[in-house]
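The values are calculated or read from the model by the stated rules, or taken from the named source; none is laboratory data. Keep in mind the model is a prediction, meaning the values are calculated, not measured. Neighbour counts run over all protein chains shown; Cβ positions are idealised from the backbone, glycine included.
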Amino acid sequence: MKTRINQLFFLVLFFLPANAQKDYTKYVMPIMGSQSEFSLSNGNLYPATALPWGMNYWSPQTATKNDDRWFYSYNRYYLTGIRQTHQPSPWTGDYGVFSLMPTVGKKNFLEEDRKSWFSHKAETSLPHYYKVYLADYNVTAEVTPTERSCMMRFTFPETNQANVVIDAFARASYIKVIPEENKVIGYSTDRFGYENQRVPSNFKNYFVIYFDKPIQNYSIWKEDALIKNEKETQGKRTGAIVSFSTKRGEAVQARISSSFISWEQADQNLKTEVAGRNFDEVCSESKEIWNKQLSRFSVENATLNDLDKVRTFYTCLYRLLLFPREFHELDAKGNIIHYSPYNGKVCPGRMYTDNGFWDTFRAVHPFFNLFYPTQSKYILEGLANTYKESGWLPEWAAPGHIDIMVGSNSTSVIASAYLNGVKDVDIKTLWEGIIKNAYNAHPTITSVGRAGAKEYDALGYVPNDIGVKESAARTLEYAYADYCIYKLAKELKKDNKTIETFAERSFNYKKLFYPKYNLMAGRNSKGDFRENFNPFSWGGDFTEGNSWHYSWCVFHDPAGLSELMGGQKKFVAMLDSVFILPPVFDESYYGQVIHEIREMQIMNFGQYAHGNQPIQHMTYLYDWAGQPWKTQYWTRQIMDRLYKPTPDGYCGDEDNGQTSAWYVFSALGFYPVSPVSGDYAIGSPLFPELVLTMENGRKLTLKALNNSDENVYIDNIDWDKKEYTKNFFTHSQLQKGGNILFQMIPKPNYRRGTKKDTFPYSFSDK
Ligand code: CA
């Protein structure tokens, strides 16, 4: 019976006539991760209706206060609008926001007054399309996106008071109704959090809204009062209500666009993207754009048993292709220009933003390097522009520099792209930025440059008694960044002194190794390790993690780390311990159990904290230790138990594609532990077959024979029918395409991948 169901499902799901286009968007669940709150993150996501890397995203809003950073929560019953959002994470907040909300009858406009009951059963959420039934008004609202614009469609009942409330949000906003053109314009300057850092004082998000039906009457509002007989206003919080007369089931369409440059540019964006087209046309094009990307990662021969995995896979792929967002626009002549979130001027070229490299250097950017090298090139152009406009490379942009997280990870983003084939970039400027970052701290923003750079240069580590917090986390990430610089310096044929200096600094991770505990620990300027060192203590010398999480932060030299820990056997025992230890913790540094701690505690994975980024590569380190079957086992456990295509489906903050990139790579069967090396450690492929299309059109087919929930171990790998014995694939091999065949079995093959010459690269190897 099971087989018959599987066959039936196979027919429905994947066996389509050759000329019919497969629709992958129906497997994407944008609501995955949206059931989150301050104390517990199941993803901290909102259902973004957007195009890949688009400038503006559109999301329903359930918050009854505009500045609620959890503005869409799956647990809520009310809808208060559909907003244009740029929020990369609730922890960084949103900026330049405005929203539209259809209502009927009274001209209510504040969130509490305009809100409507809705049900998830009367809601459709897809990457390219969102639809919701607003019960209190008997109105259906829909939205479909382009890169910078969108179409909205509101289907009203019969009424002479069909309203659309436009909310330009707080801080300083502006609204103007131009009834003769059925048009509303305005700007929003709102931002929640980091308000004095993230944008220059002239920042504005200029929006334009055109309705396709005559505006019958209108009002504007300011703060909590309606203003009669006026067309425009500006102030702390402004908005408008435009009203129509509608027949039963009549749809009012709105074409909406915006610009960070001007209203003229917003009109230009609208003209390029949505003018002259109706809702359905825009929607089907947006769907096609998504399918073009998703179909490059085609799951084949899946069965009913795989449905959750297929949904999770395509949802993760969608998340992976959203950030960083474009911040540039196309002028009337087609030139690429951008408002600089650094100097406030309109500058030429590309700009990308809303990305924390502390998260995304790990797997998101390596994913682009492998599958989207042109996108990587564009992102590097944006980085060079950031350096030119602000004097620094960004570490966390939203849209300008914000002071959050640690490390010097822009270096990895640049070096991993350049060393893996993305050569057509302004490497001179980027190199200058990298070197400046390596030796200097930003005067005011501790996340930019290297806080503690002087001491790091002198001592080889950032001491924990100079007022630079999270010094051990910084040191470990700086040492890896130094390795990236070493590799880049060699590639660029820099002088020997530079090459040698950075080669030496790559080993700085050793300075924090505390033999007494066999783990990494912070040290003071005299060289003493922290008194009463507690490896279960979160924060302090580490960032959102403890020593058990950070001790693996030696991406470029697992062999060197293994040696420090006492050799291969000891190294494996330490890796095993992560899962064996109970999830105990000391939260005293924070004075509260931060959500990342709670997410580790409740998952039943011991000290393994997949809900945050520092440890996400750890399970792959068994590939360097001759026990690849443990990588295979644990990566499948994580895929099966910590990801679900449900509102509570992530095990912590998703973080701009990183936690999704882990899943996508792992489902493919390999992961970029050290992004610059070009080696991908082999895990356990999730599907019976995946056909990947590289950017140059070449195909890479990954087949896993006898793959199942039980058969997670690799017995053998063939590459183009030749036996492949290594524990890693290389970037250049994968880019060439070909056929990889995994033979899957229920018990470990204790002979495969146990010899040193099968291990991925370590810097100590040379
Ligand atoms: Ca995180």
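Condition first: in contact (Cβ under 8 Å) with a residue 24 or more places away in the chain and outside any strand (DSSP E or B). Now tell me which residues in segment 219-247 satisfy that.
Going residue by residue through segment 219-247, those that are in contact (Cβ under 8 Å) with a residue 24 or more places away in the chain are 219-221, 224, 226, 231-247.
Once the filter is applied, which keeps residues that are in contact (Cβ under 8 Å) with a residue 24 or more places away in the chain and outside any strand (DSSP E or B), segment 219-247 yields ASP224, LYS231, LYS236, ARG237, LYS247.
Looking at segment 531-554, which of its residues are in a loop (DSSP other than H, G, I, E, B), away from the ligand (no atom under 14 Å from the Cβ) and surrounded by fewer than 24 Cβ atoms within 10 Å (Cβ to Cβ)? Selection gives GLU531, ASN532, PHE533, ASN534, PRO535, PHE536, GLY540.
Among the residues examined, SER562 qualifies as more than 26 Å from the chain's Cα centre (by Cα) and buried (at least 24 other Cβ atoms within 10 Å of the Cβ). Taken over segment 172-189, residues that are surrounded by fewer than 24 Cβ atoms within 10 Å (Cβ to Cβ) and either within 36 Å of the chain's Cα centre (by Cα) or at pLDDT below 95 (or both) amount to 6.
Restrict the check to segment 340-347 and report whether at least one residue is touching a Cys at 6+ places or on another chain (Cβ under 8 Å) and of a type in the set (Ser, Thr, Tyr).
First, pick out the residues of segment 340-347 that are touching a Cys at 6+ places or on another chain (Cβ under 8 Å): 340.
With of a type in the set (Ser, Thr, Tyr) added as a condition, the list becomes 340.
Yes: segment 340-347 contains one or more residues that are touching a Cys at 6+ places or on another chain (Cβ under 8 Å) and of a type in the set (Ser, Thr, Tyr).
Identify all residues within segment 619-647 that are surrounded by 23 or more Cβ atoms within 10 Å (Cβ to Cβ) and either within 16 Å of the ligand (Cβ to nearest atom) or among the small types (Gly, Ala, Ser) (or both); write none if there are none. Result: ALA625, TYR643. Away from the ligand (no atom under 16 Å from the Cβ), among the β-branched types (Val, Ile, Thr), touching a Phe, Trp or Tyr at 6+ places or on another chain (Cβ under 7 Å) and not in a loop (DSSP other than H, G, I, E, B), is that true of THR659? Spelling it out, it is not the case that THR659 is away from the ligand (no atom under 16 Å from the Cβ), among the β-branched types (Val, Ile, Thr), touching a Phe, Trp or Tyr at 6+ places or on another chain (Cβ under 7 Å) and not in a loop (DSSP other than H, G, I, E, B). Just a yes or no: is a residue in segment 600-616 surrounded by fewer than 16 Cβ atoms within 10 Å (Cβ to Cβ), within 16 Å of the ligand (Cβ to nearest atom), part of a loop (DSSP other than H, G, I, E, B) and at pLDDT 95 or above? No, segment 600-616 contains no residue that is surrounded by fewer than 16 Cβ atoms within 10 Å (Cβ to Cβ), within 16 Å of the ligand (Cβ to nearest atom), part of a loop (DSSP other than H, G, I, E, B) and at pLDDT 95 or above. Being under 31 Å from the mean Cα position of the chain (by Cα), in a helix (DSSP H, G or I) and under 18 Å from ARG530 (Cβ atoms) holds for only one residue in ALA473, ALA479, ALA489, and it is ALA473.
Residue pairs whose Cβ atoms lie under 7 Å apart, sitting 6 or more positions apart in sequence or on different chains, and linking a residue in segment 336-350 that is at pLDDT 95 or above to a partner that is in a strand (DSSP E or B) and of a type in the set (Ser, Thr, Tyr), are PRO341/THR353; VAL346/TYR339. Listed here are the strands (runs of 3 or more DSSP E) enclosed by segment 690-766 that have at least 2 residues being in contact with a Gly (Cβ under 6 Å, 6 or more places away or on another chain): 699-705. It is to be established whether one or more residues within segment 326-342 are part of a helix (DSSP H, G or I) and within 25 Å of the chain's Cα centre (by Cα). For segment 326-342, residues part of a helix (DSSP H, G or I) and within 25 Å of the chain's Cα centre (by Cα): absent. No other residue among GLY697, GLY678, GLY683 is more than 16 Å from the ligand (Cβ to nearest atom) and free of Cβ contacts under 8 Å to residues at least 24 places away in the same chain apart from GLY697. For segment 351-364, the candidate set comprises residues that are away from the ligand (no atom under 16 Å from the Cβ) and farther than 18 Å from THR146 by Cβ; within that set, the residue that is farthest from the chain's Cα centre (by Cα) is MET351. On the stretch given as segment 690-735, residues that are touching a strand residue (DSSP E or B) at 6+ places or on another chain (Cβ under 7 Å), surrounded by fewer than 17 Cβ atoms within 10 Å (Cβ to Cβ) and over 29 Å from VAL676 (Cβ atoms) total 3.
Please report, ordered by residue number, the strands (runs of 3 or more DSSP E) entirely within segment 36-147 with at least 1 residues that are touching a Phe, Trp or Tyr at 6+ places or on another chain (Cβ under 8 Å) and without any contact (Cβ under 8 Å) to a residue 12 or more places away in the chain. Let's see the steps before the verdict.
Values: elements: 57-61, 81-85, 98-104, 123-126, 129-134, 139-145.
Where strands (runs of 3 or more DSSP E) fall fully within segment 36-147 and carry at least 1 residues being touching a Phe, Trp or Tyr at 6+ places or on another chain (Cβ under 8 Å) and without any contact (Cβ under 8 Å) to a residue 12 or more places away in the chain, they are 123-126.
ASN196 meets all of the listed conditions (1) part of a loop (DSSP other than H, G, I, E, B); (2) at pLDDT 95 or above; (3) out of contact with any Gly (no Cβ under 7 Å at 6 or more places or on another chain) but one, namely (2).
In this structure, is PHE169 of a type outside the set (Ser, Thr, Tyr), at pLDDT 95 or above and in a strand (DSSP E or B)?
Details: of a type outside the set (Ser, Thr, Tyr): yes; at pLDDT 95 or above: yes; in a strand (DSSP E or B): no.
So PHE169 fails the test.
Please work out if PHE357 is under 20 Å from LYS487 (Cα atoms), among the aromatic types (Phe, Trp, Tyr) and touching a strand residue (DSSP E or B) at 6+ places or on another chain (Cβ under 8 Å). Yes; evaluated as a whole, the condition is true for this residue.
For segment 663-675, the condition holds for no residue, the condition being that it is assigned to a loop (DSSP other than H, G, I, E, B), within 16 Å of the ligand (Cβ to nearest atom) and not small (Gly, Ala, Ser).
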